[in-house]
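Participant: Below: one structure in C-alpha cells.
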Amino acid sequence: MASSEARVSGEGSVDVGVERGEAAAAAAQGIMERIRSEDVECRIQAAREIRRLTKTSSKHRRQLSGAVEPLISMLMSGDPESGETAILALLNLAVKDERNKIKIVDAGALEPLIGFLQSTNLSLQEYATAAVLTLSASSLNKPTISAAGAIPLLVKILRDGNPQAKIDAVMALYNLSTIPVNLGTLLSVRSIASLINLLKSCKKSSKTAEKCSALLESLVTFDEGRTALTAEEGGVLTLVEVLEEGSPQSREHAVGALLKMCESDRCRYREVILGEGVIPGLLELSVQGTPKSQSKARALLQLLRNSPYSRSELQADTLENIVSNIASEIDGDDCTGKAKKMLAEMVQVSREQSWRHLQRRASMRAPTGLSLGNCPSEVPSK
C-alpha cells in the first residue's frame, strides 16, 4: 500500500508539473498576443510583463524571444512611454542571452536606440545606453554597433550624461574598443578628456576605473593619445593615483599606460611622470602587484632611472639612486626584502622632497559629486 501511495504521489507531482508548464506556455502565448495588439495601452502592459518575467529567468527570455520584433516596432512608434517600456523589455531579454542580443540587433533595434542616445529625455538616454552596453557584449554585434555611429554619441554621454549613463557609456566603449579601428574613432572624438574626468570622479577601486584605465592604456599607444593625456590637466597625475589606489586590474592598466608613454619617448615623458610622484607607488607595485603589474613596474623603474650614469656614480640618497638600486637589484634572490626596505626608504625621501607635489595634488583633486561605484560588465536587469 505504501508503495502504491508513493507511486500515486509521484504521478500527481508529474501531473502538477505538466499543468504548470502548460499554464506558463499559455501565459506566454497571451503576452505574445497582447504585444501585437493594435491597442497602445495593451502593448505597453505586455511589454511591462515581459520586462518583469525576463528580469531573472533565462527560460522566459527564451520563451518570449518572439516579442523582439513587436518591441522594436514600439521603439519606432514615437510615443515616449512605449519607447521606454520597450527598451527595458528588450534590455532584460538580452541580458545573459547571446542569441537574443544578436536577434535584437538583426531585427533593427539600433536605429531607434541611436536616436534615443541623442534624446533630451535623460531617462530614455540612460536606458538606451544600458541597452547598447548589453548588446555590445556580443562580439558579433560590435561591428554593427560601431558602424551605426554609436561611439561619438557614447563619448558625448560620457561627458554630459547622468552618472549611471556615464558608467554604462564607458563600459560600452570598452567593449567596442576591442575592434582596433575603433581606437582611432575614440581619439578623433577627443574621448581622453572625458575619460580622465570620469576617472577623477569615480572610486579608484571601482569597475568604472578599471574600464577607464584600460581604455587609456589602449589609447596612449598612439602619439595623439599621449599628447592628449599630457595636455589634460591632471591627466598623468590621475593615472598615478589609480596606480596607488586602484584595484589590481586598474593598477595594471595604469602602470601599463605610463610604461607605454615612457617607452615611446623616454626623453619627452620621463620628467612628466617623475614629477607626479610615481616612484612610491611603483616600488610598492613591483612587490605587491599582479605578475603583469610587477613586470611593468620594474620596466618603468628601469626607464625612469638616470641611465647615462652608472648607479655608483649617482649621488647617494637621491631619488634616482634609489630607483636605480631597485631597477638593478629587484631580480635578486632576496628581491622582496630588498624592495620592501627600499620602499620604506623611498617613502621617507618622498615625504621630505615632495611638499610641492602634495600641495598640487590636493588642489587638483576633482569634487566627488558623482557616485560612481562598481558596475558589472553585463548590465543588471532594469
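The values are calculated or read from the model by the stated rules, or taken from the named source; none is laboratory data. Nothing here was measured: the structure is a model prediction, and the numbers come from that model. Quick reminder, even Gly has a Cβ in these numbers, built from the backbone with ideal geometry, and neighbours come from all protein chains shown. Each accessible area value is taken on the protein alone, full model and side chains, heavy atoms only, with ligands, DNA and RNA left out. Shrake-Rupley method; radii C 1.70, N 1.55, O 1.52, S 1.80 Å.
Participant: Hey, among the residues in the range 250-279 that are part of a helix (DSSP H, G or I) and β-branched (Val, Ile, Thr), which one's surrounded by the fewest Cβ atoms within 10 Å (Cβ to Cβ)? Break it down stepwise before answering.
Facilitator: First, pick out the residues of the range 250-279 that are part of a helix (DSSP H, G or I): 250-264, 266-274, 279.
Then keep just the ones that are β-branched (Val, Ile, Thr); that gives 255, 272-273, 279.
On the way: Val255: 33, Val272: 18, Ile273: 23, Ile279: 25.
So the residue we want is Val272.
Participant: Which count do you get for residues in the range 143-152 that are open to solvent by 30 Å² or more (accessible area, probe 1.4 Å) and assigned to a helix (DSSP H, G or I)?
Facilitator: Looking only at that region, the number is 4.
Participant: Here is a follow-up. Which pairs turn up if I take residues in the range 286-312 that are within 15 Å of Cys262 (Cα to Cα) and look for partners that are charged (D, E, K, R) and modelled with pLDDT under 90 with beta carbon separation below 7 Å, at least 6 apart in sequence or on another chain?
Facilitator: Arg305/Glu320; Asn306/Glu320
Participant: Something else now. Being in contact (Cβ under 8 Å) with a residue 24 or more places away in the chain and either in contact with a His (Cβ under 7 Å, 6 or more places away or on another chain) or not in a helix (DSSP H, G or I) (or both) is the requirement here; does Lys101 meet it?
Facilitator: Numbers: in contact (Cβ under 8 Å) with a residue 24 or more places away in the chain: yes; either in contact with a His (Cβ under 7 Å, 6 or more places away or on another chain) or not in a helix (DSSP H, G or I) (or both): no.
No: the conditions fail for Lys101.
Participant: Something else: Tell me, which residue of the range 163-177 that is under 9 Å from Thr129 (Cα atoms) and hydrophobic (A, V, I, L, M, F, W, C) is farthest from the chain's Cα centre (by Cα)?
Facilitator: If we take residues in the range 163-177 being under 9 Å from Thr129 (Cα atoms) and hydrophobic (A, V, I, L, M, F, W, C), then Ala165 is farthest from the chain's Cα centre (by Cα).
Participant: While we're on this one: Can you pull out the residues in the range 91-102 that are open to solvent by 10 Å² or more (accessible area, probe 1.4 Å) and out of contact with any Lys or Arg (no Cβ under 9 Å at 6 or more places or on another chain)?
Facilitator: Passing the criteria: Glu98, Ile102.
Participant: Considering the range 1-52 alone, what residues qualify as being polar (S, T, N, Q), at pLDDT below 95 and assigned to a helix (DSSP H, G or I)?
Facilitator: Hits for the range 1-52 are Ser3, Ser4, Ser9, Ser13, Gln29.
Participant: Considering every residue within the range 58-78, establish whether at least one is part of a helix (DSSP H, G or I), β-branched (Val, Ile, Thr) and closer than 19 Å to Gln125 by Cβ.
Facilitator: As a first pass, look at the range 58-78 and keep what is part of a helix (DSSP H, G or I): 58-63, 65-75.
Checking which are β-branched (Val, Ile, Thr) leaves us with 68, 72.
Subset that is closer than 19 Å to Gln125 by Cβ: 72.
For the range 58-78, residues part of a helix (DSSP H, G or I), β-branched (Val, Ile, Thr) and closer than 19 Å to Gln125 by Cβ: present.
Participant: I want to confirm something. Restricting to the range 103-140 and keeping residues that are open to solvent by 50 Å² or more (accessible area, probe 1.4 Å) and not polar (S, T, N, Q), which single residue is nearest to Thr85 (Cα to Cα)?
Facilitator: Looking at the filtered set, the residue picked out is Leu122.
Participant: Go through the range 50-72 and give me each residue that's in contact (Cβ under 8 Å) with a residue 12 or more places away in the chain, among the polar types (S, T, N, Q) and open to solvent by 10 Å² or more (accessible area, probe 1.4 Å).
Facilitator: Within the range 50-72, Thr56, Ser58, Gln63, Ser65 meet the criteria.
Participant: With respect to Leu258, is the statement that it is modelled with pLDDT of 95 or more and aliphatic (A, V, I, L, M) true?
Facilitator: Details: modelled with pLDDT of 95 or more: yes; aliphatic (A, V, I, L, M): yes.
Here the answer is yes, as Leu258 does meet what is asked.
Participant: I would also like to ask the following. Which residues, taken from the range 104-123, are under 20 Å from Gln164 (Cβ atoms) and either modelled with pLDDT under 95 or part of a loop (DSSP other than H, G, I, E, B) (or both)?
Facilitator: Gln118, Ser119, Thr120, Asn121, Leu122, Ser123
Participant: What number of residues within the range 237-249 are open to solvent by 30 Å² or more (accessible area, probe 1.4 Å) and outside any helix (DSSP H, G or I)?
Facilitator: 0
Participant: Hey, any hits in the range 159-176 for a residue that's surrounded by fewer than 24 Cβ atoms within 10 Å (Cβ to Cβ), of a type outside the set (A, V, I, L, M, F, W, C) and more than 22 Å from Lys207 (Cβ to Cβ)?
Facilitator: no
Participant: Only residues that are in contact (Cβ under 8 Å) with a residue 24 or more places away in the chain, farther than 16 Å from Lys166 by Cα, open to solvent by 50 Å² or more (accessible area, probe 1.4 Å) and assigned to a helix (DSSP H, G or I): list them for the range 200-236, please.
Facilitator: Asp223, Glu224, Thr230
Participant: Hey, another quick one. Is one or more of the residues making up the range 174-191 of a type in the set (D, E, K, R) and touching a residue at least 60 places away in the same chain (Cβ under 8 Å)?
Facilitator: Of the range 174-191, the ones of a type in the set (D, E, K, R) are 190.
Filter again for touching a residue at least 60 places away in the same chain (Cβ under 8 Å), leaving none.
Looking through the range 174-191, none of the residues is of a type in the set (D, E, K, R) and touching a residue at least 60 places away in the same chain (Cβ under 8 Å).
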